[in-house]
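Please read the structure below before turning to the comments.
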Amino acid sequence: MIDTIISEDIQEITRECDRSFFEGKKALVTGGAGFLGSYLCDTLAKLEADVTCLDDFSTGLKTNIDHLTRVKNFRVLNSDVSKFKSKEAFDYIFNLASRASPEDYQLHPIETLLTNSNGSHRMLELARKGNSRIVLASTSEVYGDPKIIPTPENYWGNVNPTGIRSCYDEGKRFSEALFMAYNREYKLNMRIVRIHNTYGPRMRADGAYARALPRFIVQALKGDDITVYGDGLQTRSFTYVSDTIRGILSVFCSGKTKGEVLNIGNPQETAILDLAKKIREAINDNVSIKFCPLPADDPKRRRPDIKRAENILYWHPKVGLDQGLLRTIEWFRRQGTNLQTTKRKKLAHKRPL
């Protein structure tokens with residue numbers, strides 16, 4: 001499924017890419033039917049790479065990639081990355097497979113750990129045998145509840161190794177350690193990106209898969225209370241999807257980032273309560289904000305230090321939160337034909353010039 005909003009995003013991403021770097025190359029995207037993975041598949045296919053999407057559809061959606069199945073340079077492999085075996089060699093590997101929503105991965109802790117441990121191992125072995133360039137999509141969660149704000153890549157983290165969120169936090173930390181071990185032992189052509197709170201079209205908003213931002217949007221569109229955990233003063237750094245994908249590809253393509261770890265995120269720090277108020281204002285002033293108990297080990301602040309990405313890659317986020325929210329809200333509105341909305345507001349979702 002692709003529409004004008006997503007098409008505009010893909011066009012913006014590809015505008016900065018060197019087509020010759022990808023044209024005709026065999027690219028494997030694990031978690032390719034997920035939120036970020038499907039954007040990568042769209043981008044790589046448009047850049048004329050031969051794209052293989054690997055996904056077991058435990059969280060990814062076939063509707064995210066169904067339009068690509070009609071494209072000659074795209075194929076889908078339905079498989080669990082932690083069990084995947086192949087003798088095929090790939091030029092490029094993008095390792096994105098993992099559950100990412102806190103409620104969801106806490107329901108599936110063992111699977112989450114195995115995806116990030118066994119899955120990463122299988123991808124690294126595939127890269128080693130095929131002499132592939134590989135990137136790991138890691139996360140700001142490796143920092144836990146950081147004591148240094150903004151948080152640089154050399155911060156070691158403040159993580160509860162046995163807590164309710166450890167299946168994801170420590171799973172990603174293990175993935176990073178394994179990638180670095182392969183770099184040191186085999187001189188593997190690898191990179192690690194630590195992604196910060198990406199949002200945009202194709203985010204899931206249903207059940208345990210829903211994170212705060214899409215949940216707030218759907219609640220407001222339905223006229224339901226917006227549910228904020230804790231007092232809402234905890235912060236996140238929300239990065240629009242096109243900026244994140246541009247960042248991943250910038251890290252991946254650069255010869256200066258081999259063996260490196262880089263933050264990719266928006267340094268604008270936003271309180272969750274402020275986010276809820278922004279969404280309420282944009283959609284439905286009449287809904288209430290309901291406060292719920294704060295989950296265990298929920299980080300209090302999140303703000304990346306992106307100086308390395310700026311200095312090495314000249315990368316920085318282009319889409320501000322207000323503009324990104326308008327695009328995301330409009331996309332959800334277009335998908336939600338069954339939503340009983342009240343007080344609809346006209347939203348300008350075009351990109352600023």
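State all residues of the range 94-136 that are in a strand (DSSP E or B) and of a type in the set (Val, Ile, Thr); if no residue qualifies, say none.
Of everything in the range 94-136, those that are in a strand (DSSP E or B) and of a type in the set (Val, Ile, Thr) turn out to be Ile134, Val135.
Could you say whether any residue in the range 34-44 is at positive phi and either surrounded by fewer than 19 Cβ atoms within 10 Å (Cβ to Cβ) or aliphatic (A, V, I, L, M) (or both)?
No, that holds for no residue.
What's the number of the condition Thr52 fails, among (1) in contact (Cβ under 8 Å) with a residue 40 or more places away in the chain; (2) within 28 Å of His108 (Cα to Cα)?
Condition (1) is where Thr52 drops out.
Asn95 - would you say it is more than 22 Å from Asn131 (Cβ to Cβ) and crowded, with 22+ Cβ neighbours inside 10 Å?
No.
Tell me which residues, restricted to the range 133-148, are farther than 19 Å from Ile164 by Cα, without any contact (Cβ under 8 Å) to a residue 60 or more places away in the chain, of a type in the set (A, V, I, L, M, F, W, C) and touching a strand residue (DSSP E or B) at 6+ places or on another chain (Cβ under 8 Å).
Scanning the range 133-148 gives Ile134, Leu136.
State the number of residues belonging to the range 255-275 that are touching a strand residue (DSSP E or B) at 6+ places or on another chain (Cβ under 8 Å) and surrounded by fewer than 19 Cβ atoms within 10 Å (Cβ to Cβ).
So the count comes out to 8.
Here are some residues: Gly232, Gly247. Which one is crowded, with 19+ Cβ neighbours inside 10 Å and assigned to a loop (DSSP other than H, G, I, E, B)?
Just one listed residue meets the conditions, Gly232.
Filter the range 146-169 for residues that are crowded, with 18+ Cβ neighbours inside 10 Å, under 17 Å from Lys300 (Cβ atoms), out of contact with any helix residue (DSSP H, G or I) (no Cβ under 6 Å at 6 or more places or on another chain) and not basic (Lys, Arg) and give the result.
Those that are crowded, with 18+ Cβ neighbours inside 10 Å, under 17 Å from Lys300 (Cβ atoms), out of contact with any helix residue (DSSP H, G or I) (no Cβ under 6 Å at 6 or more places or on another chain) and not basic (Lys, Arg): Pro146, Pro150.
Mind telling me which of the residues Thr30, Thr14, Thr63 ends up being β-branched (Val, Ile, Thr), under 18 Å from the mean Cα position of the chain (by Cα) and buried (at least 23 other Cβ atoms within 10 Å of the Cβ)?
Result of the check over Thr30, Thr14, Thr63: Thr30.
What do you reckon, is Ile195 out of contact with any Lys or Arg (no Cβ under 9 Å at 6 or more places or on another chain), among the hydrophobic types (A, V, I, L, M, F, W, C) and touching a residue at least 60 places away in the same chain (Cβ under 8 Å)?
yes
I'd like to verify a number: residues in the range 26-54 that are closer than 18 Å to Ile6 by Cβ and either in a strand (DSSP E or B) or of a type in the set (Lys, Arg) (or both), how many?
Count: 4.
Would you point out the residue of the range 198-222, among those that are hydrophobic (A, V, I, L, M, F, W, C) and assigned to a helix (DSSP H, G or I), that is nearest to Ser58 (Cα to Cα)?
Among residues in the range 198-222 that are hydrophobic (A, V, I, L, M, F, W, C) and assigned to a helix (DSSP H, G or I), the one nearest to Ser58 (Cα to Cα) is Ala208.
Only the coordinates and a few stated rules stand behind these numbers; no lab work does. In this text, all values refer to a predicted model and were calculated from it rather than measured experimentally. Note that we place each Cβ from the backbone using ideal geometry, even for glycine, and neighbour counts take in every protein chain shown.
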